[in-house]
Amino acid sequence: MRDAPEGKVNANQIPVDDPAEMAEQIKGVAKYLGADVVGITHLDQLYVYSHRARGNAAMGEKPGDPVNLPHRYAICLGFASDYYRYMSNNSKISDTEYQFGNNHAIVPTFMLASYIREMGYPATAHHHGKSLVNPIPLAINAGLGELGRHGMLIHEKYGSRLHLTVVTTDLPLAVDEPVDIGVEEFCKYCKKCARTCPSHSIPFGEKGVLNGVEKYLVNIETCYKYKLAGRGEWTNCVVCVSSCCYNKPDTWWHDVAMWSVKKTPPSLRVLIVKPLLWIDDLIWGKRPWKRMKWLGYDNAPKTMTCNIPGCTARHTNLQDKRLHTTNVSQGGTA
């Protein structure tokens, strides 16, 4: 589906008298097609790639072609993965959930763009394997959540387990506003994703500036290189996602906790955040994980000897799965 050609725009354009009403209609269509959450923002050209990474023969597009995307709006869609299968990480079970989530999001995004073109307005689908935009900052601008320490969107209900896609268009739409759900203060004190990251890719310290944007500077290179460590056993590491305190089942107590953080003034949120962090570690563990058997797979840990020279540890305790701990004061590893 990612290589399917996108159709032409209907010449008979439907007039839009009320962009707010149209925005609600488009959100309804997107959710009907399968999206769990939808937000709309202006298409900021800062988040449009300059050149194509992949080509599409059906559309006459080649890798390296300059990108021209003059659309006015970005419709941001989020598709939630299953909480419990993510808790089986790292395993082929969590791999399946992660990859299926990416694949599942392609068809609804493609269909929403087709729906808008049928209304007489240009629209382009951006999804896994074919995207001309960076979906995370657009989703933040569209009010779907905030940026976490681990570099991903954190949604109030689904945490970090949303697969994001975008439809860009010129269809007149009312836009949403960014939200404050308390992530800024929570990530400042939590650091759970940094403590559990097997590759030491998530920083413990303060934010930095990259390309004019202030954020926590995740080491993308070491993050992706770590995926090579699981060849034959697993492919995608989702430890930071499952460790995130916002990533919890859809329950009333989770709603109450997140509501209390959101409604507390930012200067006082530390009084709420620290007790919640203590409770999270107590109930869910410092490294959340779940034993699971699913479709013939079993994610039970296998006793192994670390292949890092000089290390003799046998890494079997999933609550302390991180292979090595960082000596922050000396900048080395122990």
- prompt: Out of (1) closer than 16 Å to Pro198 by Cβ; (2) surrounded by 10 or more Cβ atoms within 10 Å (Cβ to Cβ); (3) modelled with pLDDT under 60, the odd one out for Trp289 is which?
  reply: (3)
task: Would you point out which residue out of Pro266, Pro249 is surrounded by fewer than 14 Cβ atoms within 10 Å (Cβ to Cβ) and either closer than 25 Å to Tyr216 by Cα or touching a Gly at 6+ places or on another chain (Cβ under 9 Å) (or both)?
output: Pro266
query: Residue check, Ser199 against (1) under 19 Å from Tyr86 (Cβ atoms); (2) open to solvent by less than 40 Å² (accessible area, probe 1.4 Å); (3) assigned to a helix (DSSP H, G or I), all met but one. Which one?
result: (3)
query: If a residue has to be farther than 15 Å from His71 by Cα, open to solvent by 40 Å² or more (accessible area, probe 1.4 Å) and over 18 Å from the mean Cα position of the chain (by Cα) to count, how many in the stretch 115-144 make the cut?
result: 2
- prompt: Within the stretch 177-196, which residues are in a loop (DSSP other than H, G, I, E, B), touching a helix residue (DSSP H, G or I) at 6+ places or on another chain (Cβ under 8 Å) and acidic (Asp, Glu)?
  reply: Asp180
task: State whether one or more residues within the stretch 231-239 are touching a helix residue (DSSP H, G or I) at 6+ places or on another chain (Cβ under 6 Å), over 10 Å from Arg149 (Cα atoms), assigned to a loop (DSSP other than H, G, I, E, B) and among the polar types (S, T, N, Q).
output: yes
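This table checks each residue for (1) crowded, with 22+ Cβ neighbours inside 10 Å; (2) among the small types (Gly, Ala, Ser).
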| residue | (1), (2) |
| --- | --- |
| His42 | no, no |
| His51 | no, no |
| Tyr73 | yes, no |
| Gly78 | yes, yes |
| Phe100 | no, no |
query: Residues of the stretch 31-76 being touching a residue at least 24 places away in the same chain (Cβ under 8 Å), touching a Pro at 6+ places or on another chain (Cβ under 7 Å) and of a type in the set (Gly, Ala, Ser), which ones?
result: Gly34, Ala35, Ala58
query: Looking at Leu162, Leu147, which is the one that is surrounded by fewer than 24 Cβ atoms within 10 Å (Cβ to Cβ) and under 21 Å from Ala194 (Cα atoms)?
result: Leu147
- line: Scanning the stretch 249-288 residue by residue, the ones that are of a type in the set (S, T, N, Q) and more than 15 Å from Gly182 (Cα to Cα) total 1
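The values are calculated or read from the model by the stated rules, or taken from the named source; none is laboratory data. Everything numeric in this text was worked out from a predicted model, so none of it was measured. Cβ sites come from the backbone with ideal geometry, for glycine too, and all protein chains shown count toward neighbours. Surface areas here come from the heavy atoms of the whole protein model, side chains and all, with no ligands, DNA or RNA. Shrake-Rupley method; radii C 1.70, N 1.55, O 1.52, S 1.80 Å.
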